[in-house]
Amino acid sequence: MSRILIVEDDPDIAQLIAHYVQRAGHTAECLTSGSGVVPHARTTAPDLVLLDLMLPGMDGLMVGQALRAQRETAAIPIIMLTARGEEGDRIAGLELGADDYVTKPFSPGELTARIAALLRRSQRPASPVATLRYAALVIDVERHSVRLNGADVRLTAKEFLLLQYLVEHRGRVLSRDLLLTDVWGYQYTGGTRTVDVHIRRLREKLPALADSIVTVKQFGYRLEDRP
């Protein structure tokens, strides 16, 4: 049973989401303002946050950014839930740390499927290989931690899983669709641009690996076999 934190200022929508989340076997807790999310998450450590974009006190983008900035909350999976469906808004949410994006009006079945997929990826059992190494990069699969040249690197849950997948499949050309299927774990309807956003964030956070993550034009990406 996973703990889902729902941050939604419309009580009817919050109750609807909570109903379907509980039907799916999770526990649900609701907040109506963005300003209290970070301290609440630090105290209760939810397994996933459903975060509305338009919130009083602090909007969803600012909340997502603040969650990613705190060590205690940086790895919590975030699904943005908003009435804004334009690509620019989706990209902004993903760039600030969201792992997925659902636009209102939404299908409750799709929402719970996305929750299950994201939880499955972020809480999956440890890999038979407990530690992955690539050049000066060390990935502790069991602890979901990354170190580069001995220094900790803070990644979101989705960034971590994407990096792990690239390292495990180094040398192979990986299409965007394959990455969406295997890393996101669900038929993602937000478009393959989300892969590009996450790759760009990995390059920014791991500059020593930036040149090793090769863009294959009009197809996808390849992590060089030999760093």
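The values are calculated or read from the model by the stated rules, or taken from the named source; none is laboratory data. From a predicted model like this one, the values you see are computed outputs, not experimental measurements. Backbone-built Cβ (ideal geometry, glycine too); neighbour counts: all protein chains shown. For the accessible areas, the whole protein counts, side chains as well, though only heavy atoms, and no ligand, DNA or RNA atoms are used. Shrake-Rupley method; radii C 1.70, N 1.55, O 1.52, S 1.80 Å.
Extension gain for residue 203 to residue 226 (0.36 nm times residue separation, less C-alpha to C-alpha distance): 6.6 nm.
Please state the shape class of segment 5-80: rounded when a/c is under 1.5, otherwise prolate if a/b exceeds b/c and oblate if not, all from the C-alpha gyration tensor. Note, shape of segment 5-80 comes out oblate.
Count Lys and Arg as plus one, Asp and Glu as minus one, and take only other residues whose Cβ is under 12 Å from that of residue 69; the net charge is then +3.
Stretch residue 177-residue 42 to full length: gain in nm at 0.36 nm per residue minus the Cα-Cα span? Walk me through the numbers on the way to the answer.
Working: separation 135, 0.36 × 135 = 48.60 nm, distance 3.43 nm.
This chain segment gains 45.2 nm when fully extended.
So between residue 70 and residue 54, what do we pick up on full extension, going 0.36 nm a residue minus the alpha carbon distance?
Details: separation 16, 0.36 × 16 = 5.76 nm, distance 2.16 nm.
Full extension of this stretch gives 3.6 nm more.
Identify the trypsin sites (Lys or Arg not before Pro) of segment 1-80 meeting these criteria: DSSP loop state and at most 13 other C-beta atoms within 10 Å of the C-beta.
Within segment 1-80, the qualifying trypsin sites (Lys or Arg not before Pro) (loop, at most 13 other Cβ atoms within 10 Å) are 71.
Calculated [222 nm] ellipticity per residue, helices only, for the chain: -11000 deg cm²/dmol; basis is -39500 (n - 2.57) per DSSP H run with n ≥ 4, divided by all residues, nearest 500. Of the residues 144, 26, ranked by 1.4 Å probe accessible area with the largest first, the sequence reads 144, 26.
Accessible surface computed residue by residue for segment 1-104, with neighbouring protein chains in place and a 1.4 Å probe, gives 43 Å² per residue. Remark on residue 35: its backbone amide H falls under 5 Å from those of 58, a criterion applied only to residues 5 or more positions apart or on other chains, H modelled at 1.01 Å from N. Got the relative contact order for the chain handy, in percent, Cα pairs under 8 Å and 6 or more residues apart? Relative contact order for the chain comes out at 14 percent.
Select from the chain the helices, each a whole stretch of DSSP H, whose alpha-carbon atoms run 15 Å or more along the helix axis and whose Kyte-Doolittle mean is at least 0.0; answer none if there are none. For the chain, where a helix must reach 15 Å along its axis and average at least 0.0, the hits are 108-122, 157-168.
Carbon and sulfur: what percent of the chain's accessible surface (1.4 Å probe)? The partial results should precede the final answer.
Details: 5230 of 10570 Å².
Carbon and sulfur atoms account for 49 percent of the accessible area of the chain.
Each listed q (0.14 Å⁻¹) maps to a log10 I(q)/I(0) for segment 36-81 from the Debye sum over equal C-alpha point scatterers, namely -0.26. Once both labels are positioned 7 Å from their Cα atoms along Cα-to-Cβ, the gap between residue 136 and residue 117 label points is 3.6 nm. Listed by chain and number, the lysines whose alpha-carbon sits under 16 Å from that of residue 205, ignoring those within fewer than 8 places in the same chain, are 158.
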